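The values are calculated or read from the model by the stated rules, or taken from the named source; none is laboratory data. Quantities reported herein were computed from a predicted structural model and do not represent experimental measurements. Neighbour counts are summed over all protein chains in view; Cβ atoms, including those assigned to glycine, are modelled from backbone coordinates with ideal geometry. Accessible surface is based on the protein model in full, side chains and every heavy atom, while ligands, DNA and RNA are left aside. Shrake-Rupley method; radii C 1.70, N 1.55, O 1.52, S 1.80 Å.
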Amino acid sequence: MKKGLYSDYRIFAGNSHVELAEEIAQIMGRPLGKAKVGKFSDGEIALELKESVRGDDIFLIQSTCAPVNDNLMELLIMIDAMKRASAGRINAVLPYYGYARQDRKAKARDPITAKLVADLMMAAGVDRVVSMDLHAAQIQGYFDIPVDHMVGMPILTDYWAKRGMEDMVIVSPDHGSVTRARNLAEPLGVPIAIVDKRRPEPNKSEIMNIIGDVKGKNCVLVDDMIDTAGTICNAGKALIDLGAKSVSACATHGVLSGPACERLKEAPFDKIVLLNTVPIPEEKRLDKMEVLSVAPLFADTLTRIYTNDSVSKLFNR
């Protein structure tokens, strides 16, 4: 590997997804940096860096998933510690960006919490952010520093291409995921369909109509995340009711909160494909669920960042 601008690089991780961080570090041929991230008896986060980071390019891997606030504070405190220890550059690597859904004022007096989180990271001293499949691409503009926005679509595209499914239709579960569905459908050479829904309140959705031909087709629903799974399960049932031959689902972030696992278990999905941007414990993994690793893609991306090579080439097909 050619050298970057910094003397060396090191990989650190908080507690949110150590398994993924270890896999990325192993692919890159480096051990995880030595850091102890714990808590004081009152719940305050306690951090101890056990090795020098002076002048180094630091990759700090932390998904801000549940418990969101604890993991976010761990990230901010680790950034602050790295800055005060004279790190050369601090790269916050967030496979999953918590609070990304609060990206605009949907109604009066709403906060824009995705922007607040960006401000907090910049105030802590981060120099670059690396994330995957942000809920809204404009979140990149909330930062006044470089943001590398990775996409998980190449991993999902390869998966469905290898399955060689006939009569396939890629289905967007709402209007917000149409571009995502098209990006999956085009390399596979298949059509798309769109579920028209309304959301009467947060985490609840109602199917209104389906745009496109799904009768007798093998449908694959695609979204950026599955949280409580209400949207994608309702869409799956609607597709079956309209004569779809089979229905599968895929998403980048398997948040799987609240009743998600029970809903997915009862939903008429042949396959549920997720990426491991957030940890998915064994008790949440269903027989029809497959979890694909993003570690090779992140390892390649972080290597390119250190060596100042193009990251976009990874996603331009």
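Okay, here's what the table says:
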read-out: Within straight-line cross-link reach of Lys237, aspartates and glutamates at Cα separation under 18 Å, skipping those fewer than 8 residues along the same chain; value: Asp174, Asp196, Glu206, Asp213, Asp223, Asp227, Glu262, Glu266, Asp270
read-out: Percent of alpha-carbon pairs separated by more than 13 Å within region 20-62; value: 65
read-out: For the chain, the fraction of alpha-carbon pairs in successive 10 Å shells from zero, as %; value: 6, 26, 33, 22, 11, 2, 0
read-out: Rounded to the nearest 10 Å², the accessible area of His135 at probe 1.4 Å; value: 70
read-out: Region 56-113 - charge dipole about Cα centre, Lys and Arg +1 at Cβ, Asp and Glu -1, debye rounded to 20; value: 400
read-out: With at most 16 other Cβ atoms within 10 Å, longest stretch of the chain clear of loop GluC sites (Glu not before Pro) (DSSP); value: 167-317
read-out: Residues of region 80-122 with amide N under 11 Å of a point placed 7 Å along Cα→Cβ from Ser257; value: 98-102
read-out: Unit Cα scatterers, Debye sum, region 180-317: log10 I(q)/I(0) for q = 0.16, 0.18 Å⁻¹; value: -0.90, -1.07
read-out: Under 5 Å, built H, 5+ apart or other chain: amide partners of Glu290; value: Ile272, Val273, Leu274
read-out: P(r), alpha carbons of region 209-250 - 10 Å bins starting at zero, rounded %; value: 30, 57, 13
read-out: Amide H contacts of Met225 (H built 1.01 Å from N, under 5 Å, at least 5 apart or other chain); value: Thr252, His253
read-out: Electrostatic dipole magnitude of the chain [Cβ: Lys, Arg +1; Asp, Glu -1; Cα centre; debye, to 20]; value: 440
read-out: Charge context of Val117, other residues only, Cβ under 12 angstrom, K/R +1, D/E -1; value: 0
read-out: Average projection area in nm² (convex hull over Cα atoms of region 129-171, one quarter of hull surface); value: 3.8
read-out: Whole-percent pair-distance distribution, where bins are 5 Å wide, for the alpha carbons of region 223-273; value: 5, 23, 35, 25, 9, 3
read-out: Spherically averaged projected area of region 3-80 from its Cα convex hull (nm²); value: 5.5
read-out: Exposure of Ser257 as accessible area (Å², to 10), given a probe of 1.4 Å and all protein chains; value: 40
read-out: Trypsin sites (Lys or Arg not before Pro) within region 1-80: DSSP coil, no more than 14 neighbouring Cβ in 10 Å; value: Lys2, Lys3, Lys34, Lys50
read-out: Compactness relative to 2.2 N^0.38 Å, alpha carbon Rg of region 1-144; value: 1.06
read-out: Pairwise centroid distance, computed over Cα atoms, of region 14-56 with region 139-153, Å; value: 23
